[in-house]
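**Q** Below is one structure. I have some questions about it.
The values are calculated or read from the model by the stated rules, or taken from the named source; none is laboratory data. Since the model is a prediction, treat every value here as computed from it, not as a measurement. Here the Cβ positions follow ideal geometry from the backbone for every residue, glycine too, while neighbour counts run over all protein chains shown.
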Amino acid sequence: MKRSRLPLIALAMTGALALTACAGDTSDAEDTTVEADTEMVEFEEGTTMADLSEAGTITIGTKFDQPLFGLNGLDGPEGFDVEMGKIIAANLGIDEENIEWVEAVSANREPFIENGEVDIVIATYTINDSRKEVVSFAGPYYMAGQSILVLADNDDITSEEDLVGQPVCSVTGSTPAEKLAEIGAEPVLTDTYTNCLEPLRNGAVVAVSTDNVILAGLAAQNEGEFKVAGEPFTDEPYGIGLALDDTEFRMWINDVLEASYADGSYEAAWDATAGTVLPFIEPPAVDRY
């Protein structure tokens, strides 16, 4: 089989990679510079890796409304998920300027992958069995957990048990929305989590519920208005979504993730984004199913 010799940027961007925090005062953002470590690697001709590298561009779906993980800032998308996308692109020899970022909300992530509108989705995307029937996942690269956001002066809601029979905002197509119905809350659904904030302010809902890292970002962006209540009550393994049965690409992304854990680029990406608010935890082991 014919092979293509293509450049691999070994979990490093050529030159300086500036990672910027996506919440609070960006003047305190950490700049992370990594040395270029370029070597030649062979990709099988016809694989997704070879096709993307030869094209010199990749389309990545991510959230545009989630501080710390995926937020559409003044200079484009920023956050931990965005930096993970840059690491993957770099290992394909693709400069970050040649990444096409597409907004992926919870309800359109599988359709975007199935229809080929994106090459991968990195968007606080929980791996679960039903989704694995229509898309594949690399990772997980982070373990989140569903939690609760309330008004800063609300001391009545401290756990998921306090949500039973209460109107709680979440988003369509999300695993948190399914969990709310399961525990007996009354889900009030919209398309993005930022759209949940005004109903919380005006009392139309008593809480917003989704992954703790998303809620922490919203609380940090609206300092003094909201707080995260109680402890996480689910496990939400975040994965990188890609086309179903593209096993070679999935395994390759898993290799990139594991290398980023070992060489420090994963932790540097965390520290410069979500790590401005949340403590670093060791990433979970990837699942090579």
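**Q** Could you tell me which of the residues 178, 186, 182 is surrounded by fewer than 17 Cβ atoms within 10 Å (Cβ to Cβ), assigned by TED's automatic domain parsing to the domain that holds residue 159 and under 23 Å from residue 64 (Cα atoms)?
**A** Working: 186 fails: under 23 Å from residue 64 (Cα atoms); 182 fails: under 23 Å from residue 64 (Cα atoms).
Result: 178 is the single residue among 178, 186, 182 that is surrounded by fewer than 17 Cβ atoms within 10 Å (Cβ to Cβ), assigned by TED's automatic domain parsing to the domain that holds residue 159 and under 23 Å from residue 64 (Cα atoms).
**Q** Of the residues that make up segment 240-251, is at least one assigned by TED's automatic domain parsing to the domain that holds residue 154 and surrounded by fewer than 24 Cβ atoms within 10 Å (Cβ to Cβ)? Lay out the reasoning, then the answer.
**A** Restricting attention to segment 240-251, the residues satisfying the condition of being assigned by TED's automatic domain parsing to the domain that holds residue 154 are none.
The answer is no, given that none of the residues of segment 240-251 is assigned by TED's automatic domain parsing to the domain that holds residue 154 and surrounded by fewer than 24 Cβ atoms within 10 Å (Cβ to Cβ).
**Q** Check residue 97 against each of (1) in contact (Cβ under 8 Å) with a residue 24 or more places away in the chain; (2) outside any loop (DSSP other than H, G, I, E, B) and name the one condition it does not meet.
**A** That leaves (1) as the condition not met.
**Q** Further, regarding this structure: Name the single residue, out of those in segment 87-129 being β-branched (Val, Ile, Thr) and more than 30 Å from residue 42 (Cβ to Cβ), that is nearest to the chain's Cα centre (by Cα).
**A** Taking segment 87-129 first, the residues β-branched (Val, Ile, Thr) are 87-88, 94, 99, 102, 105, 113, 118, 120-122, 124, 126-127.
Checking the rest, the ones that are also more than 30 Å from residue 42 (Cβ to Cβ) come to 105, 124, 126.
Values: 105: 11, 124: 3, 126: 9 Å.
My answer is 124.
**Q** Is there any pair linking a residue in segment 53-70 that is under 15 Å from residue 120 (Cα atoms) to one that is among the hydroxyl-bearing types (Ser, Thr, Tyr) and surrounded by 24 or more Cβ atoms within 10 Å (Cβ to Cβ), with Cβ under 8 Å and at least six apart or on different chains, and which?
**A** Qualifying pairs under 8 Å: 63/124; 70/62; 70/124.
**Q** Select from segment 192-221 the residues that are part of a loop (DSSP other than H, G, I, E, B) and either buried (at least 18 other Cβ atoms within 10 Å of the Cβ) or at pLDDT below 95 (or both) and list them in ascending order. Even if it seems obvious, please write down each step before you answer.
**A** Of all residues in segment 192-221, those part of a loop (DSSP other than H, G, I, E, B) come to 192, 203-206.
Selection gives 192, 205, 206.
**Q** Would you mind stating whether residue 266 is buried (at least 17 other Cβ atoms within 10 Å of the Cβ), of a type in the set (Phe, Trp, Tyr) and either without any contact (Cβ under 8 Å) to a residue 60 or more places away in the chain or in contact with a strand residue (DSSP E or B) (Cβ under 7 Å, 6 or more places away or on another chain) (or both)?
**A** On the way: buried (at least 17 other Cβ atoms within 10 Å of the Cβ): yes; of a type in the set (Phe, Trp, Tyr): yes; either without any contact (Cβ under 8 Å) to a residue 60 or more places away in the chain or in contact with a strand residue (DSSP E or B) (Cβ under 7 Å, 6 or more places away or on another chain) (or both): no.
Judged against the criteria, residue 266 is not a match.
**Q** Moving on. I need every pair where a residue in segment 136-154 that is closer than 15 Å to residue 185 by Cα has its Cβ under 6 Å from the Cβ of a residue that is surrounded by fewer than 24 Cβ atoms within 10 Å (Cβ to Cβ) and of a type in the set (Val, Ile, Thr), sequence separation at least 6 or different chains.
**A** Correct list of pairs: 146/234; 147/228; 149/228; 150/157.
**Q** Does segment 79-86 include one or more residues that are surrounded by fewer than 24 Cβ atoms within 10 Å (Cβ to Cβ) and either at pLDDT 95 or above or within 16 Å of the chain's Cα centre (by Cα) (or both)? Lay out the reasoning, then the answer.
**A** Residues of segment 79-86 surrounded by fewer than 24 Cβ atoms within 10 Å (Cβ to Cβ): 86.
Restricting the remaining residues to those that are either at pLDDT 95 or above or within 16 Å of the chain's Cα centre (by Cα) (or both) gives 86.
Yes - at least one qualifying residue is present in segment 79-86.
**Q** If you don't mind, another one. Regarding segment 20-40, can at least one residue be identified that is of a type in the set (A, V, I, L, M, F, W, C), in the same structural domain as residue 240 (by TED's automatic domain parsing) and either at pLDDT 50 or above or out of contact with any Ser or Thr (no Cβ under 8 Å at 6 or more places or on another chain) (or both)?
**A** Initially, segment 20-40 is screened for residues of a type in the set (A, V, I, L, M, F, W, C), giving 21-23, 29, 34, 36, 40.
So of that shortlist, the ones also in the same structural domain as residue 240 (by TED's automatic domain parsing) come out as 21-23, 29, 34, 36, 40.
From the residues that got through so far, the ones that are either at pLDDT 50 or above or out of contact with any Ser or Thr (no Cβ under 8 Å at 6 or more places or on another chain) (or both) too are 40.
Among the residues of segment 20-40, at least one is of a type in the set (A, V, I, L, M, F, W, C), in the same structural domain as residue 240 (by TED's automatic domain parsing) and either at pLDDT 50 or above or out of contact with any Ser or Thr (no Cβ under 8 Å at 6 or more places or on another chain) (or both), which makes the answer yes.
**Q** Which of the residues that make up segment 138-188 are under 12 Å from residue 207 (Cα atoms) and assigned to a strand (DSSP E or B)?
**A** Once the filter is applied, which keeps residues that are under 12 Å from residue 207 (Cα atoms) and assigned to a strand (DSSP E or B), segment 138-188 yields 147, 148, 149, 150, 151, 167, 168, 169, 170, 186, 187, 188.
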